[in-house]
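Undergrad: I have a structure I would like to understand better, so I am pasting it below and will then ask my questions one at a time.
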Amino acid sequence: MSKKIKVLVVDDSAVVRQVLSTMLAGQNDIEVIGTAADPLFAVNKMREEWPDVITLDIEMPRMDGLTFLRKIMSSRPTPVVICSSLTEKGAETTVEAMAAGAVAIFTKPTMGVKDFLQSSKQELLAAIREAAQSRVSRLTSTAPVARAVAAVQSTPAAQTAMAKTTEKVIAIGTSTGGTLALEQILTALTAECPGIVVVQHMPEKFTAAFAARLNSLSEIEVREAKDGDRVRPGLALIAPGGQHMSLVRNGAFYQVQVKPGPAVNRHCPSVDVLFRSVAKCAGKNSVGFQLTGMGDDGARGLLEMREAGAVTYAQDEASSVVFGMPKEAIKRGGAVHIVALDEVAGQIMLYSQG
């Protein structure tokens, strides 16, 4: 019999603790080892038994969830699923939590929490199981810009060959572990990098705060995409949560189309939707990166990009928090090259040379 996932529920709401505990206790592969109303109570329980996964609220008495998360990640990195209220203020704080090492976000409303949690049971269970398979200690601090520049200077010219064009597109797809991976990549790029389009699996309202944070840390411009935005050098556009993003051609330029739609591979935005549009519109003038994440979203689209003449990459297992998405891209033949996370920025900068 396989080992059960040991979960600790930390939330100041008695209703949330009760509903989550009951829900998780009914699963054959999950064991709730305790609940806590705040981080200080949680610490006492963790001295007795360390969990495999922690579900963590952000706003709590005595110690906020963000401070608690940082203490955990600095002492004994453990997969954490953030249970955050779906508010603008909560989005900014939750993005900070993702930057501190949390692996997933599960949103909850401020009203009607009990009914919402019960109706969202499968989504929450999937987040916990996904977190249990992650390797949070794998991610490191942001790579310096000098690393990307050095990679360009040291790479043989033969590896940089691609079709001549004034418009190049870098397409990136990622999920679990992607927030820190994207931070490491985008903050290592210079303004000469090609235009970048990104799908990071993330709920609605959180992508704007995530993009704003990356923009504050990066030399390039990073922002949440809007319908009709032009893809241009020195700009990274991140698909908004709850909407699909596609690449379209407008004369000599590329633009993004952003619109709501049904989930694809359980996700909206979907990496497959982006990659397939890039294959169709940009073909051999595009480069695709399938990064860390659970599931197979993007694997088919990356194969279509490769078949259209694009250069395609998958992140290697050693640097992935979850090797699911890259593994599927490799397995299905979509990824031509396998690359470590700290090499991605350098590879992107190669294409700025044409």
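The numbers here are math on the coordinates, done by the rules we state, and not lab data. Small disclaimer: the values here were computed from a predicted structure and weren't measured. All Cβ positions, even for glycine, are placed from backbone atoms using ideal geometry, and neighbour counts span all protein chains on display.
Undergrad: Would you list which lysines come within 18 Å of Lys226, measuring only between C-alpha atoms, while excluding same-chain residues fewer than 8 positions from it?
TA: Result set, ordered by chain and number: Lys205, Lys259.
Undergrad: Rounded to two decimals, what is Rg over Rh for the chain when you use alpha-carbon atoms and the Kirkwood radius?
TA: 0.99
Undergrad: For the chain, find the longest principal axis of its Cα atoms and tell me its angle to the long axis of helix 65-75, 0 to 90°, nearest 10.
TA: On a 0 to 90 degree scale, this one is about 80.
Undergrad: May I pose another question? What span do the alpha-carbon atoms of the range 187-249 cover on each of the three principal axes, reported in whole Å from largest to smallest?
TA: Result for the range 187-249: principal-axis Cα extents of 30, 29, 15 Å.
Undergrad: Here's something else I'd like to know. D for the range 277-329, whole µm²/s, Stokes-Einstein with Kirkwood Rh over alpha-carbon pairs at 37 °C and 0.692 mPa s: what number?
TA: Value of D from the Cα-based Kirkwood radius: 302 µm²/s.
Undergrad: Give the residues of the range 288-328 whose amide nitrogen is closer than 18 Å to a point set 7 Å from the Cα of Gln122 in the direction of its Cβ.
TA: Only 295-297 pass the distance filter.
Undergrad: Over the residues of the range 145-353, compute the C-alpha Rg and express it relative to 2.2 N^0.38 Å.
TA: 0.89
Undergrad: Would you mind checking the tilt of helix 271-281 against the longest principal axis of the Cα atoms of the chain, expressed as 0 to 90 degrees and rounded to 10?
TA: The two axes meet at around 10 degrees.
Undergrad: What translational diffusion coefficient, to the nearest whole µm²/s, does the range 5-133 have by Stokes-Einstein, given a Kirkwood radius computed over alpha-carbon pairs, a temperature of 20 °C and 1.002 mPa s viscosity?
TA: Here the translational diffusion coefficient equals 150 µm²/s.
Undergrad: Sequence neighbours fewer than 8 away in the same chain don't count; with that in mind, list the lysines whose C-alpha is under 28 Å from Lys327.
TA: Cα-Cα hits under 28 Å: Lys3, Lys4, Lys6, Lys121, Lys168, Lys280, Lys284.
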